[in-house]
Amino acid sequence: MGDMANNSVLYSGVKNSLKEANHDGDFGITLAELRVLMDLRSTDALRKIQESYGDVYGICTRLKTSPNEVCGEVSVGEEEGEGKTGWIEGAAILLSVVCVVLVTAFNDWSKEKQFRGLQSRIEQEQKFTVIRGGQVIQIPVADIIVGDIAQVKYGDLLPADGILIQGNDLKIDESSLTGESDHVRKSLDKDPLLLSGTHVMEGSGRMVVTAVGINSQTGIIFTLLGAGGEEEEKKDEKKKEKKNKKQDGAIENRNKAKAQDGAAMEMQPLKSEDGGDGDEKDKKKSNLPKKEKSVLQGKLTKLAVQIGKAGLLMSAITVIILVLYFVIDTFWVQKRQWLAECTPIYIQYFVKFFIIGVTVLVVAVPEGLPLAVTISLAYSVKKMMKDNNLVRHLDACETMGNATAICSDKTGTLTMNRMTVVQAYINEKHYKKVPEPEAIPPNILSYLVTGISVNCAYTSKILPPEKEGGLPRHVGNKTECALLGFLLDLKRDYQDVRNEIPEESLYKVYTFNSVRKSMSTVLKNSDGSYRIFSKGASEIILKKCFKILSANGEAKVFRPRDRDDIIKTVIEPMASEGLRTICLAFRDFPAGEPEPDWDNENDIVTGLTCIAVVGIEDPVRPEVPDAIKKCQKAGITVRMVTGDNINTARAIASKCGILHPGEDFLCIEGKDFNRRIRNEKGEIEQERIDKIWPKLRVLARSSPTDKHTLVKGIIDSTVSDHRQVVAVTGDGTNDGPALKKADVGFAMGIAGTDVAKEASDIILTDDNFTSIVKAVMWGRNVYDSISKFLQFQLTVNVVAVIVAFTGACITQDSPLKAVQMLWVNLIMDTLASLALATEPPTESLLLRKPYGRNKPLISRTMMKNILGHAFYQLVVVFTLLFAGEKFFDIDSGRNAPLHAPPSEHYTIVFNTFVLMQLFNEINARKIHGERNVFEGIFNNIIFCTIVLGTFVIQIIIVQFGGKPFSCSKLSIEQWLWSVFLGMGTLLWGQLISTIPTSRLKFLKEAGHGTQKEEIPEEELAEDVEEIDHAERELRRGQILWFRGLNRIQTQIRVVNAFRSSLYEGLEKPESRSSIHNFMTHPEFRIEDSEPHIPLIDDTDAEDDAPTKRNSSPPPSPNKNNNAVDSGIYLTIEMNKSATSSSPGSPLHSLETSL
C-alpha cells in the first residue's frame, strides 16, 4: 500500500513538473540541482547528498515536505489535478441510471397505454342492438342514449337502465347489484325495471332506455365508490374502536358487498350476529388474489431472490477482504501510524472499496429480468392481437404455454358456425337434399313457414350480403338462421309472416335454454283457440310427440315404435354424417276448453304433432384438423364438449382428428358421465373422475355444470405427474363458471355473450380454433424468451462477479470500473432483454411437450451453456488481465495509483469482455442445444438492430469515452484481437453443444416453481369469487340450515358430552373434498372443511361453515330447509346417518333420550 501511495506522489510530481519549473525560487533546491543529483549513482550520490544537504531529511526540508506526511502532498496534487475530472464518474453513473430508469419507465408507460387501448377496444367492441327509425341496428354501448328502444336477449350484459315494453320469459340475474342470486322474472305487470350491470339469463324482450352512464345504477355505484373511499376507511376505523356495534358493521359490510360483487355476501350478516370477529376474517378472505400468481412470475421471483442473496454475500465478502487487506498491509505490515491529516486519503480508499462492492452487487443482481418479462409479455400480447387473440389477463399468455388439455366447444370453434339445412324428413319421406316446395303438401308447408317464422327469435334474421356475390349474412342465433334459410330455399319469406304476427302479439314464449334444449311459442287465434309451435333437439321433442303429419298432410298417431323407427332410419344416419338434427312440432288448444296454466310448461309442451325433422350441417373449418394434429404433437390433449347429440359429436370429432379409428377413447353423453362420476349418494368423487378423464375425448349432450365438473376434475386430479393446465373455450352465459375455473378461458369474440367474455382470459376475435394453437405458440415463446435472456444474463453475471471479486482481491482494484459495469449490466441487459424477448415464435415450439408447472426455468442444458461460456470468458479475461501487457507490449494497468489515467491494458480487458457478451447474445438465441444459432436471425429485426447498435456504442465508448468510462483509445490491431476473442464464443458454443448433457450428472437445474408446502395457507385458499349461481344458491340455503342448527344447540347442551364420539363417527376418510358436492342434484348436502359439527356449541361454527367447502358429512334425509321447525328430528337423523350406532353405544342412549 505504501508503494501505491509513493507512486501517486511521484505521479503527482510528474504531472505538476511544468508548474513547478515556473516557481523554483520557492524551494531551497532547484530543478537543475535535482537533475544533477539524480544522474549520480550509488556512493557518489550518497556523498553528494551528505555534502550538499546533510541527509535525505535535509532534501525533504528544502522541498518543504516530511517523510511522515506523504499523504499531505498527495492530497495537494489530487486537488489540483483531480478537481476538474472528479465529477465525471459520478455524472456518468447518474446518467446511466437515468437512462435505464427512463427506458424502464417508457416500457411501463407503453405497456399501460397498450392495456388501456385493449380495454377500450373491448369496450368499443361491446355492441348492443337498438331499433332506430324502424331499423334494427347494432351500435357501440357508448352511443346508447335515453329514449332508445333496445332489444335484450339471453346472454346480454345490460349497459343501461330501462323499462320493459315487451318481454318473453325474461329472467335477469341481479346479483351484481343486490347480492341475491335468484333469477328475477321481469314482466310488464309485475317488475318491468331493467338495471345496468345485470345479466340476462333467459328469454328476450325490448326496453326503452331511461338512464345511461353515471346516472344508471352501475354508474351511481361507481360514483359512490370513487367519492366514498375515504369515508369508508373512516367508518372502518370507528368500527374497530367500537367492536360492540357488530350489527352496524354487518350492515356496512353488506352495503359494500352489494356495491361490489355479491358473490358470497349472504353470509355477512349471519356471521356477525354470533361469530365474534367475522368481519375481519371476511376481509382477509376478500383480500385474497383473484387468481394465484402466474407460474412464471413465481419461478422468476424465487430465482431473482436467490441470485440477489448470492450477490449481496459476494459483494459483502469483496468489501471485507479489500478493507482487511488494506488495513493489515498499511498498519500492520508497513507499521504506519493513523495520522489525522491522512484520514481523507484513507476514506477515499474505503469509498473506492465500497464502490467496488456495490459494483459486484449491481452486476450480480439481474435487474434486467423483470424488464425482460414485461417486454416479452407486452410484445407477445401486441402480436397476439394480430393472431386474433385479445388478451384480457396478462398472465394467461404464458400460462397457455404450459397447457396440457383443451376442452373445446364444437359449434363455431371447430366448425364454421354457418349452419345450413341440407337434409329433411317431411311428409314421411327422407330427403337427402332440400326438397322442392311443390313436393310438400300445402298444409305442411303452411305449418313449417309459420312455425319457423314465429318460433325463432325475432332478432335472428338473414340479411343480404355486404358485397355482391357474397354469402347472405346470418344475424342472431345460427341454428335459427339455418331454419330461416330453409324457408328461403323453399321460396317462402319469413318476414311476411313476422309482419303479420309482430313480436308483441306472441301470447307466450318459452325461450331456449340449456335445460330445456327447446323453444316454444304460443299464438292466440282470433276464435279464442291457441296454437303452440315447438322446436328443439330431435330426441327431446320426438318424445313429446303423440302424432305426426303423414304424406297426405293429415295427422296420424305416432307410437313409441314409430319414434324408434325414425331415430334408427332418419336421425342416426343424419347424426353419423355430422348433422345437427332439429325437430319441428305444433299443438292446438281448442277454443271451448278452459285456458291452460301457461306456467306449467310440462303440461303445455306435450302431446305435440311432429311437422318435420331437419338435418343442419355446420361444416368443419378447413384449418382445424391440421391445428388439432399440431396440438397432439405438442403434447396437448383436445377434448370436445358439446350440447349436440353423441352421433353428430363423434362424426365431427372424427373429421377434426380428435378421434382416430381403432383408438381406445371414450365418447359419452352428459347423463352417462354423471352416472359414472357420482357415488350412490349422488356425490361427485375425484377418484371416479380420475378413471374417466384420461381417456375421455368427446362429452356430448353436456350441461354447463358437466363442463365445469370436467374442468375442475382434470385440474384437481393427481393421477398424472404434473398438475394439468386446462384451457377451455366457451360462448354462452352458462359457460361462465367453466371459463372462470379453467387456467385459461377463451371466449368467442363473435358468437360469445358478454357474460362469457367477462369470465374469460383471452377473447378469440375470429372464433377459430387455430387461434388457440397460436396462443400456445406465443405462450411457449414467452417462456423460451425468458429462458434465453436468463441464459445470457447469468453468463454475464457469473463472469462479471468473479472478475470483479478476484480482480479486487488480487490487485486491490476491479478490472471493470463502476461505469463500465453499469454499461455492461444495465444498458446491455436492457437492450439484450429487448433483443431476446422479441424473438418471434416458430413451429418448432410445437414439437415438444409442455414444460409443466414445476419445470425449472434453467434446464441442465442451459446450465451447461452458462458454465461452459463463463469458463471460456473467465480464461480469456484473466489471461488478458495478468499477461495482456506482455502480449500487446503495453504498460500494465495493475496496481495503478488511486487516480491514475485510464490504461490501454484495462481498456482491452473491458472491450474484449463486452464483445464476448455481444457474440454470446447470438449463442443465447438457442436454449435446447441446437447447433445453428443463426437460424431465423434476420426474421427478428429488433435483435439485429440492437446487436449492431450496441457494437457501435461500444466503439464510441472506447474511442471517445476517455476518463468518464475509464477508457483509452485502442489501435486497429487491438480492436481486431478483441473481436477475434469475442467471436471465439461462437466456436466455443459449438464445442459445448457436442458435449452430451446426460454425461454431466453434476449439473443442477435452477428456478423451480414454488412447491405447495412453501405457500402460506391463506394463499392456498380457493378463489372466493369462483362460484356459479347454482352453487351460490345452495350455499345460501346451507347457511340458513346452519343458523337453525346453531339455535337448537343451546337447548341440547348434552351433545357436548359426546363430542368425541361424534367426531369419530363423522370422520370418514373416503369423503373427498370437492366443490361439486354443492352441486349434487337433487339432494341437498351439508359441507364443512374439517369434521366440524355445527351442533356443538362453538362460536366459530358459523364463520367456518360458509367460507370452507370441503369434505362432506353424510347428508340428512330431510329435504326441508326450515331447520328451526324440524331441528330435533334433523339432529337425530344426522346422527343416525353419521354413525351406525349400536344399541349399547353412548350415541344410542343420546338418541333415545332426545
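Go through the stretch 810-921 and tell me which helices (runs of 4 or more DSSP H), entirely inside it, have 1 or more residues that are of a type in the set (D, E, K, R), on the phi < 0 side of the Ramachandran plot and buried (at least 20 other Cβ atoms within 10 Å of the Cβ). Show your work before the answer.
On the way: elements: 818-822, 828-837, 860-888.
Per the criteria, 828-837.
Which condition number does residue 464 fail, the rest of (1) at pLDDT 85 or above; (2) within 22 Å of residue 134 (Cα to Cα) being met?
Looking at each condition in turn, residue 464 falls short on (1).
Is there any pair with a first residue in the stretch 756-775 that is farther than 17 Å from residue 417 by Cα and a second that is modelled with pLDDT of 85 or more and of a type in the set (Asp, Glu) whose Cβ atoms are under 7 Å apart and which are 6 or more apart or on different chains, and what are they?
Correct list of pairs: 774/387.
Based on what the data block shows, is residue 982 among the small types (Gly, Ala, Ser), in contact with a Phe, Trp or Tyr (Cβ under 9 Å, 6 or more places away or on another chain) and open to solvent by less than 30 Å² (accessible area, probe 1.4 Å)? Break it down stepwise before answering.
Values: among the small types (Gly, Ala, Ser): yes; in contact with a Phe, Trp or Tyr (Cβ under 9 Å, 6 or more places away or on another chain): yes; open to solvent by less than 30 Å² (accessible area, probe 1.4 Å): yes.
For residue 982, the condition - among the small types (Gly, Ala, Ser), in contact with a Phe, Trp or Tyr (Cβ under 9 Å, 6 or more places away or on another chain) and open to solvent by less than 30 Å² (accessible area, probe 1.4 Å) - is met.
Checking residue 385 against (1) open to solvent by less than 30 Å² (accessible area, probe 1.4 Å); (2) more than 16 Å from residue 783 (Cα to Cα), which single condition isn't satisfied?
Unmet condition: (1).
Output the number of residues of the stretch 174-201 satisfying the condition of being surrounded by fewer than 22 Cβ atoms within 10 Å (Cβ to Cβ) and in a strand (DSSP E or B).
Summing the residues that are surrounded by fewer than 22 Cβ atoms within 10 Å (Cβ to Cβ) and in a strand (DSSP E or B) in the stretch 174-201 gives 7.
So that you can scan it fast, the table gives a plain yes or no per residue for (1) buried (at least 21 other Cβ atoms within 10 Å of the Cβ); (2) closer than 19 Å to residue 445 by Cα:
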| residue | (1), (2) |
| --- | --- |
| 491 | no, yes |
| 496 | no, yes |
| 501 | no, yes |
| 509 | yes, no |
| 513 | no, no |
| 521 | yes, yes |
| 524 | no, no |
| 537 | no, no |
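Consider residue 154 against the criteria (1) at pLDDT 85 or above; (2) touching a Gly at 6+ places or on another chain (Cβ under 8 Å): it satisfies all of them except one. Which criterion is unmet?
Going through the list (1) at pLDDT 85 or above; (2) touching a Gly at 6+ places or on another chain (Cβ under 8 Å), residue 154 breaks only (1).
Of all residues in the stretch 329-349, which are within 59 Å of the chain's Cα centre (by Cα) and either small (Gly, Ala, Ser) or open to solvent by 70 Å² or more (accessible area, probe 1.4 Å) (or both)? Even if it seems obvious, please write down each step before you answer.
Taking the stretch 329-349 and keeping what is within 59 Å of the chain's Cα centre (by Cα), we get 329-330, 343-349.
Residues satisfying the conditions are 344, 347.
Within the stretch 523-580, considering only strands (runs of 3 or more DSSP E) that don't extend past its boundaries, which have at least 3 residues that are within 14 Å of residue 612 (Cα to Cα) and small (Gly, Ala, Ser)?
Details: elements: 530-537, 545-549, 555-557.
Correct list: 530-537.
Which count do you get for residues in the stretch 104-143 that are modelled with pLDDT of 70 or more and open to solvent by 60 Å² or more (accessible area, probe 1.4 Å)?
16
So, in the stretch 464-492, how many residues would count as being over 23 Å from residue 511 (Cα atoms) and either of a type outside the set (Gly, Ala, Ser) or not in a loop (DSSP other than H, G, I, E, B) (or both)? If you could, list the steps in order and put the result at the bottom.
Let us first name the residues in the stretch 464-492 that are over 23 Å from residue 511 (Cα atoms), namely 464-473, 488-492.
Now narrow it down to the ones that are either of a type outside the set (Gly, Ala, Ser) or not in a loop (DSSP other than H, G, I, E, B) (or both): 464-468, 471-473, 488-492.
Final tally of qualifying residues: 13.
Looking only at the stretch 717-736, decide whether some residue is assigned to a loop (DSSP other than H, G, I, E, B), farther than 30 Å from residue 156 by Cα and under 17 Å from the mean Cα position of the chain (by Cα).
Pass one, the stretch 717-736, residues assigned to a loop (DSSP other than H, G, I, E, B): 717-725, 731-732.
Now restrict to residues that are farther than 30 Å from residue 156 by Cα: 717-724.
Right, trim to under 17 Å from the mean Cα position of the chain (by Cα) and you get 723-724.
Yes; the residues of the stretch 717-736 include at least one that is assigned to a loop (DSSP other than H, G, I, E, B), farther than 30 Å from residue 156 by Cα and under 17 Å from the mean Cα position of the chain (by Cα).
Quick one: which residue in 559, 587 is open to solvent by 70 Å² or more (accessible area, probe 1.4 Å) and either modelled with pLDDT of 90 or more or farther than 23 Å from residue 487 by Cβ (or both)?
Only one candidate passes the filter, namely 559.
The values are calculated or read from the model by the stated rules, or taken from the named source; none is laboratory data. Keep in mind that this is a model prediction, so the values were computed, not measured. Virtual Cβ from ideal backbone geometry, glycine too; neighbours counted across all protein chains shown. Remember, those area values only see protein heavy atoms, side chains included, never the ligands or the DNA or RNA. Shrake-Rupley method; radii C 1.70, N 1.55, O 1.52, S 1.80 Å.
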